[in-house]
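Trainee: Here it is, the structure, as structure tokens.
The values are calculated or read from the model by the stated rules, or taken from the named source; none is laboratory data. Just so it is clear, the structure is predicted and the values come from calculations on it, not from any experiment. Methodologically, a virtual Cβ is constructed for each residue, glycine included, from the backbone with ideal geometry; neighbour enumeration extends over all protein chains shown.
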Amino acid sequence: MQTEEIFSLTGVRFSYARPPAPPAWALDGLDLTISRNEALAVLGANGSGKSTLLRLLDALLYPVAGEILAFGQRLCEAAMAEEGFARRFRQQVGLVMQNSDAQLFNPTVLEEVAFGPLQLGLPDSEVLRRSETIFELLQIGHLRHRSPDCLSAGEKKRVAVACILATSPDVLLLDEPTAGLDPRSREALLDLLVDRRDAGQTIVLATQDLELVRELAHRAVVLGEDHRLAASGPANEIVGDRELLRAANLVGQERRPRYTITAPASPPGNPCGRL
């Protein structure tokens with residue numbers, strides 16, 4: 001059975017520098033396809049272009065060369081200027097940013113979760129229904145009247161995810177979703193993402209969390225420090241290739257301890273070392 005391609009990238013290049021400054025490529029000649037119902041991990045060292053790729057997929061940035069197709073249509077400024085396409089695209093694709101503080105701006109959690117559905121023009125009754133469903137799903141109903149500024153990092157991340165899920169996107173983009181989370185918050189988020197994956201949602205996550213990739217992703221791609229695609233394959237094979245990960249600066253060189261630490265000798269007549 002043929003799989004449906006949601007995104008297709010051909011020769012994509014992007015630079016944050018603008019003429020007359022020479023380009024400094026954040027992505028350089030990227031070819032990539034992403035299929036429906038796929039959980040794809042994008043691995044790479046800091047500065048390799050992972051976040052840039054997610055922003056291109058979310059139409060927050062546009063290539064300076066090459067082409068991106070989304071749902072069979074070219075993704076570009078002209079397409080996003082068409083109200084019908086832009087509305088459909090924003091409903092189909094949602095991005096959870098690495099820094100939750102950059103995504104949360106409403107006075108209360110309830111208003112945060114309701115904001116996306118309201119922007120889609122949904123009636124108030126549907127907005128309320130979606131909000132209550134998401135509160136129950138993520139177990140954050142007790143936060144509904146709290147200000148996002150007063151939440152912990154883990155709570156903010158769950159609220160940011162809730163804001164995107166409330167729009168019922170086909171594709172969930174996540175930028176370093178486990179960064180800064182304590183173990184309990186990380187486990188709760190992973191359980192949620194596994195459930196979404198098993199329900200058939202397309203997930204693309206940029207991360208350096210190799211254990212997360214092993215637990216969640218079907219496939220992984222590696223961006224090298226030259227901002228090019230270094231590898232693509234089944235997630236377990238990619239995270240098991242130590243030479244590849246070392247070349248991409250995702251793991252360090254295995255080395256023996258340089259120093260041996262020994263316990264101080266006990267004072268004479270005090271064999272237990274007690275004062």
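Trainee: I'd like to verify a number: residues in region 1-14 that are polar (S, T, N, Q) and at pLDDT 95 or above, how many? I'd like the intermediate steps shown before the answer.
Mentor: To start, the set of residues in region 1-14 that are polar (S, T, N, Q) comprises 2-3, 8, 10.
From what is left, the residues that are at pLDDT 95 or above are 8, 10.
Residues that pass the stated criteria total 2.
Trainee: Follow-up question, since we're still on this one. Within region 184-240, count every residue that is of a type outside the set (V, I, T) and either in contact with a Cys (Cβ under 6 Å, 6 or more places away or on another chain) or over 26 Å from G11 (Cα atoms) (or both).
Mentor: Taking region 184-240 as the starting set, the residues that turn out to be of a type outside the set (V, I, T) are 184-193, 195-201, 205-206, 208-212, 214-220, 223-237, 240.
Pick out the ones that are also either in contact with a Cys (Cβ under 6 Å, 6 or more places away or on another chain) or over 26 Å from G11 (Cα atoms) (or both) and you get 184-193, 195-201, 209-212, 214-216, 236, 240.
The qualifying residues number 26.
Trainee: Just a yes or no: is a residue in region 57-79 among the hydrophobic types (A, V, I, L, M, F, W, C) and over 27 Å from A17 (Cβ atoms)?
Mentor: Start the filter on region 57-79 by keeping residues that are among the hydrophobic types (A, V, I, L, M, F, W, C), which leaves 57, 59-61, 64-65, 68-71, 75-76, 78-79.
Checking which are over 27 Å from A17 (Cβ atoms) leaves us with 71.
Checked region 57-79: at least one residue is among the hydrophobic types (A, V, I, L, M, F, W, C) and over 27 Å from A17 (Cβ atoms).
Trainee: In region 211-238, how many are part of a helix (DSSP H, G or I), of a type outside the set (D, E) and free of Cβ contacts under 8 Å to residues at least 60 places away in the same chain?
Mentor: 2
Trainee: OK, next. Condition first: surrounded by 14 or more Cβ atoms within 10 Å (Cβ to Cβ), acidic (D, E) and either free of Cβ contacts under 8 Å to residues at least 40 places away in the same chain or more than 30 Å from L250 (Cα to Cα) (or both). Can you find one or more residues in region 96-113 that meet it?
Mentor: yes
Trainee: Only one residue in E83, E67 is modelled with pLDDT of 95 or more, closer than 21 Å to D170 by Cβ and surrounded by fewer than 16 Cβ atoms within 10 Å (Cβ to Cβ), so which one is that?
Mentor: E67
Trainee: Working only within region 116-142, note down all residues that are over 23 Å from the mean Cα position of the chain (by Cα) and more than 27 Å from R88 (Cβ to Cβ). Working first, answer last.
Mentor: So in region 116-142, the residues over 23 Å from the mean Cα position of the chain (by Cα) come out as 118, 121-129, 132, 141-142.
Across region 116-142, the qualifying residues are G141, H142.
Trainee: While we're here: Would you check if G94 is assigned to a strand (DSSP E or B), touching a Ser or Thr at 6+ places or on another chain (Cβ under 8 Å) and either at pLDDT below 90 or closer than 25 Å to D182 by Cβ (or both)?
Mentor: Details: assigned to a strand (DSSP E or B): yes; touching a Ser or Thr at 6+ places or on another chain (Cβ under 8 Å): yes; either at pLDDT below 90 or closer than 25 Å to D182 by Cβ (or both): yes.
It is true that G94 is assigned to a strand (DSSP E or B), touching a Ser or Thr at 6+ places or on another chain (Cβ under 8 Å) and either at pLDDT below 90 or closer than 25 Å to D182 by Cβ (or both).
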